[in-house]
1. Hey, rough spin-label estimate for E322 and E146, points 7 angstrom out along Cα→Cβ, what's it come to in nanometres?
2. Given the DSSP H assignment, sum -39500 (n - 2.57) over each helix run of at least 4 residues in the chain and divide by its residue total; what's the result at 222 nm in deg cm²/dmol, nearest 500?
3. Report the extension gain between Y134 and E47 in nm, rounded to one decimal, defined as 0.36 nm multiplied by the number of residues separating them, less their alpha carbon distance.
4. How big is the shadow of the Cα convex hull of segment 166-332, averaged over all directions, in nm²?
5. Looking only at K139, K131, K213, which one moves most when the chain is put into a Gaussian network model with springs between Cα atoms under 10 Å?
6. Compute the acute angle (0 to 90°) between the alpha-carbon long axis of helix 103-112 and the principal axis of greatest extent of the alpha-carbon atoms of the chain; round to the nearest 10°.
7. In percent, how large is the relative contact order of segment 166-332, given Cα pairs closer than 8 Å and 6 or more residues apart?
8. Using 1/(1 + (r/R0)^6) with R0 = 41 angstrom and r between the beta carbons of E311 and K78, what's the FRET efficiency to the nearest 0.05?
Amino acid sequence: MKKIVMTGGGTAGHVIPNIALMPALKARGFEIYYIGSYEGIEKKLIEETGIKYYGVSTGKFRRYLSFKNLTDPFRVIKGISEARKILKEISPDVVFSKGGFVGVPVVKGARKLGIPCIIHESDYSVGLANKLCYSAASKICCDFPETLKTLPEDKGVLTGSPVRKELSDGNAGNGRIVCGFEEGKPVLLVIGGSLGAAAVNEAVREALPELLKKFNVVHICGKGKTDESFDKTEGYRQFDYVGRGLADLFAAADIVVSRAGANSIFELLALKKPNILIPLPGGRGDQLLNARSFEGQGYSMVIRQEEITTELLISKINELYENRKSYITKMSESTQQDAIKIIADLIDEAAKPAEASED
């Protein structure tokens with residue numbers, strides 16, 4: 001049986017695509033192992049899948065002044081040693097890294113052992129952790145055409161982002177029943193992200209009197225962000241978080257308002273849901289860049305958070321709904337929707353014994 005070590009962590013965004021890949025890799029005969037940090041979010045998420053998990057030391061590479069910049073390199077060096085020991089024990093055919101700083105010691109350790117590595121970058125601009133892994137990678141997968149142009153020519157591959165298959169198995173009728181929506185009005189789904197989006201939540205609630213004339217509205221507000229004063233509003237249903245039922249809500253939705261994290265927008269692309277993206281400001285500006293790329297490709301409309309007004313939000317939602325078919329057509333033509341197969345093919349190729357390769 002072929003063996004693969006997967007890695008990536010720090011945020012759920014570095015783990016969920018790995019989980020989405022796992023069924024396809026198992027179907028191709030891979031035995032899967034995972035290396036993450038000692039206690040990062042990846043540990044809980046991976047252990048829930050039943051995959052064997054190993055923890056290593058890791059440190060963050062900062063672009064700003066911090067005392068930890070003096071100590072974290074030693075954690076990384078320790079992590080490389082730990083990862084190398086684990087990799088020797090497992091003896092995988094290939095390593096796949098989804099990014100995040102935990103991926104650095106794993107990829108560096110694999111390189112020392114001559115194990116082929118494939119890395120994947122979700123965001124428009126490549127993170128520092130993945131940049132540090134360029135030299136060790138045989139292929140660098142990315143989500144955006146613009147990103148591909150910045151990668152080493154012989155390594156870059158446009159794949160898109162792996163999306164969980166179960167999201168496409170939702171039932172629209174169940175979604176409407178859960179929300180208590182009657183047939184007749186289209187459904188607007190608003191997703192504020194796991195932590196919620198105060199500016200988005202406020203704008204949506206202010207716009208409700210007008211929106212509810214035309215739409216049923218289901219609003220995923222973020223943990224602790226629901227507002228009891230709206231609980232009895234007809235045609236409006238709010239949740240702080242949705243787990244297994246999310247597929248049904250997606251199926252019921254005609255249009256979506258969302259943040260612009262890479263995983264989220266590729267889920268919208270895979271499900272062909274016309275959408276308005278409101279990027280999270282700050283950081284490296286990745287969400288804005290992600291959103292602008294999707295806007296340029298005809299998949300999304302974009303509103304910057306600092307520009308939101310009740311009137312603008314209502315206007316853009318109505319415009320999106322009226323033109324929804326053109327967005328669906330554009331998304332249907334996308335070549336960034338077969339990520340699982342493309343990446344699994346690359347992993348299969350990298351896992352071939354050296355004597356079986358053409359060179």
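1. 2.8
2. Numbers: 14 runs with 144 residues, N = 359.
That calculation yields -12000 deg cm²/dmol at 222 nm.
3. Values: separation 87, 0.36 × 87 = 31.32 nm, distance 2.84 nm.
Contour length minus Cα-Cα distance gives 28.5 nm.
4. 8.9
5. K213
6. Taking the Cα atoms of the chain, the angle to 103-112 is about 30 degrees.
7. 25
8. That gives a FRET efficiency of 0.15.
Read-outs throughout are calculated quantities, based only on the coordinates presented, and are distinct from any laboratory measurement. Quick caveat, the model's predicted, so the values are computed rather than measured. Note that each Cβ is placed from the backbone with ideal geometry, even for glycine, and that neighbours are counted across all protein chains shown.
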